[in-house]
Amino acid sequence: MVLVLVTLVAVGCSRNPAQTAIRSPTPSPVNLAWTDCGGGFQCSTVQVPLDYAHPDAGTIGIAINRKPATDTARRIGSVLTNPGGPGDSGIQFLRGSVGTFSNLNTRFDLIGFDPRGIGLSAPIRCLDGPQEDAFNALDSVLDDPQEKQAAIDADKNFAAGCKQRSARVLAFVDTASAARDMDMIRAALGDAKLTYLGFSYGTYLGQHYAHLFPTRIRALALDSVVDPALEPNDFLYAQLVAFEQNLQAFLTDCRARRSGSSPCTYAQSGDPGTKLMALMQRLDTTPMPVGNRSLTRSLAVIGVLTPLYDQSAWPYLDQALTLADRNNGTLLLRFSDLYLRRNADGTYDNVTDANAAVNCIDKPVATDIAVYDALGPRFASASPLFGPAFQYSNLLCAYWPVPPTGKVGPITAEGAPPILLIGGTGDPATPYAWAQSVNKTITGSVLLTRQGNGHISYTSSACAKQAIDAYLIDLKLPANGTVCR
């Protein structure tokens, strides 16, 4: 079974912070010990309570890095960033994307951090490399009793592995606690108020912060907005619809370019949509050898899904499918490995482990498998490719060893300054309707619309990036109803 990720695909709804009884005092400033960690970056660790309800019960370290502002005379402060997930390392993200934020870096120290349970911050671990290979390759289209039982057993073993390897932190990786960690980071950096740029799941983290600490915000920009008011399976259904729309846009574009200066090769020997479904059927029967590994249907579905995040990657999807049509699954498997964070040596980053841990504690899910069985017709109708493959994705949390502490519901931010929300009309992972919903919930928020396919507006639209930078630097909000392309 494969979990769907928020950075790539957001699964998981969450608590209504209004239910949270914990009160966080204003953190005391600390003198952080910074070390040079290469590439112009400095690294440090912020100690935070493991359990905010019992702050004397021990601490964990939250790893952070910074790229100091280049114009020190006009430095505003720090801008905290989060790439999404849950499970993605903010430290790795900032290192790999620092050039993207060059304009912000003029006036701000850029700050990346690994949220609790992720990366270098008390990471959750559930499986070793070979076990995760087997888990990810297992057929997730449960169309016979044997496959269903195998998937149930795999989910139970995954959950048991998390308890065995990560018992100390497993109950404390909820998003509300991560938002409290953000306030500890803010104080440790010496900023009176938080400036924050969050993407995808990072928008959900930002909403929690705004609810808990509305008066400690300088500016919050939330790009590719997650809606916390959806039940888990409805959340997933909305994504299936959006990914199917992006897939059909790719296939339509491919059919239109059967010939010409930049032809879509996959369309030159038959209809690409028909061929794609036939490929998946073949892989279900006979996985495709790729070196000493195999491309299974589950891995191939992930391989197709990954380049749909960015329209500029469509030519590579064409290439991957063309190769697979010739019994070469190398590129599809490479896309799958990219999504699942599999390293060349067969090890994995802890993205899948942390994604499960955060989502399962943030949201209650149905525990009766009959509920997931009943999703079949609706999911398959929404997407014949993705629907059956992700129908049982949320079932893993039914076997989780730690009970959920969250509730599904809208998150308010009474008393916060205006918050900038950015949504893309063709976003496959965080559908545009989610940004519209959160815009209605958060009083005084401003919604910037980007027209087009793909996930994350900051990296795909110069207009959106300019508007976000202007807001974060000068607190200049775009007019309500502004549309970027």
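The values are calculated or read from the model by the stated rules, or taken from the named source; none is laboratory data. Model, not experiment: these values are computed from the prediction. Don't worry about glycine lacking a Cβ; one is built from the backbone with ideal geometry, like all the others, and counts go over all protein chains shown. SASA here: full protein model, heavy atoms, side chains in, ligands and nucleic acids out. Shrake-Rupley method; radii C 1.70, N 1.55, O 1.52, S 1.80 Å.
Taking every alpha-carbon pair under 8 Å whose residues sit at least 6 apart, segment 308-417 reaches a relative contact order of 22 percent.
Partner lysines whose Cα lies under 28 Å from the Cα of LYS67, excluding those fewer than 8 positions away in the same chain, are identified as LYS193, LYS465, LYS476. For GLY424, what charge total do you get from the other residues with a beta carbon under 15 Å from its beta carbon, if Lys and Arg give +1 and Asp and Glu give -1? Cβ neighbours under 15 Å give a net charge of -1.
The length gained on full extension between ALA33 and GLN248, counted as 0.36 nm times the residue separation minus their Cα-Cα distance, comes to 72.3 nm. Normalised Debye scattering of segment 293-394 at q = 0.12, 0.15, 0.21, 0.22 Å⁻¹ gives log10 I(q)/I(0) of -0.51, -0.78, -1.19, -1.23, counting only Cα atoms as equal scatterers and leaving out solvent. Here ALA370 and SER262 are evaluated by their C-beta separation; at R0 = 60 Å the FRET efficiency comes out at 0.80.
Could you order the peptides 358-365, 291-298, 201-208, 253-260 from most to least packed, using the average number of other C-beta atoms within 10 Å per residue?
Highest mean packing first, the order is 201-208, 358-365, 291-298, 253-260.
The heavy atoms of THR175 offer some 0 square angstrom of accessible surface to a 1.4 angstrom probe.
Amide H contacts under 5 Å for SER457: SER224, restricted to partners 5 or more places along the chain or on a different chain, H placed in the peptide plane at 1.01 Å from N. Projected label points at ALA57 and ASP71, each 7 Å from Cα along the beta carbon direction, are separated by 4.7 nanometres. Of the residues LEU236, ILE91, GLY270, the one whose Cα sits farthest towards the positive end of the charge dipole of the chain is ILE91 (charges of +1 on Lys and Arg Cβ, -1 on Asp and Glu Cβ, taken about the Cα centre). Ranked by the mean number of other Cβ atoms within 10 Å per residue, highest first, peptides 121-127, 351-357 order as 351-357, 121-127. Measuring only protein heavy atoms, the 1.4 Å probe finds GLU231 accessible over about 100 Å².
Of interest is the spacing of the C-alpha centroids, which for segment 89-127 and segment 372-438 amounts to 24 Å.
Taking only Cα atoms, what is the 0 to 90° angle, nearest 10, from helix 272-285's long axis to the longest principal axis of the chain? Relative to the chain, helix 272-285 is tipped by roughly 80 degrees. Estimated from the Cβ-Cβ distance and a Förster radius of 35 angstrom, the FRET efficiency linking ALA134 and SER97 is about 0.65. The listed residues SER437, SER269 rank as SER269, SER437 when sorted by accessible area, largest first, using a 1.4 Å probe. Each of GLY423, LEU120, ALA33 was placed along the dipole of the chain (beta-carbon charges, centred on the mean Cα), and the one lying farthest toward the positive end is ALA33. Listed by chain and number, the aspartates and glutamates placed with their C-alpha closer than 18 angstrom to that of LYS363 are ASP155, ASP174, ASP227, GLU231, ASP234, ASP353; residues fewer than eight positions away on the same chain are left out. For segment 307-418, carbon and sulfur atoms together expose 55% of the accessible surface, with a 1.4 angstrom probe and every protein chain in place. For segment 127-167, the convex hull spanned by the alpha carbon atoms encloses 53 Å³ per residue. Subtracting the Cα-Cα distance of LYS163 and TYR316 from their residue separation scaled by 0.36 nm leaves 51.2 nm.
Over the chain, what is the mean sequence separation of C-alpha contacts under 8 Å (at least six apart), divided by residue count, expressed as relative contact order in percent?
Values: 1023 pairs, mean separation 103.8, N = 485.
Rounded, it is 21 percent for the chain.
Per-atom-type breakdown for segment 82-197 gives carbon and sulfur 53% of the accessible area (1.4 Å probe, protein chains only).
A Förster radius of 30 Å, combined with the Cβ-Cβ distance separating ARG334 from GLN149, puts the computed FRET efficiency at roughly 0.45.
In the neighborhood of ASP183, defined by Cβ-to-Cβ distances under 11 Å, what is the net charge if each Lys or Arg adds +1 and each Asp or Glu adds -1? Before the final figure, lay out the partial values.
Values: positive: ARG180, ARG186, LYS193, ARG216; negative: ASP181, ASP191.
Cβ neighbours under 11 Å give a net charge of +2.
Can you sort LYS465, LYS156, LYS476 by solvent-accessible area, 1.4 Å probe, largest first?
On the way: LYS465 55, LYS156 100, LYS476 140 Å².
Ranked list, largest accessible area first: LYS476, LYS156, LYS465.
Which net charge results when you count Lys and Arg as +1 and Asp and Glu as -1 among the other residues whose beta-carbon is under 15 Å from that of THR81? Before the final figure, lay out each step's value.
Values: positive: ARG66, LYS67, ARG95, ARG107, ARG186, ARG218, LYS465; negative: ASP88, ASP109, ASP114, ASP181, ASP191, ASP223, ASP469.
Counting the neighbours of THR81, the net charge comes to 0.
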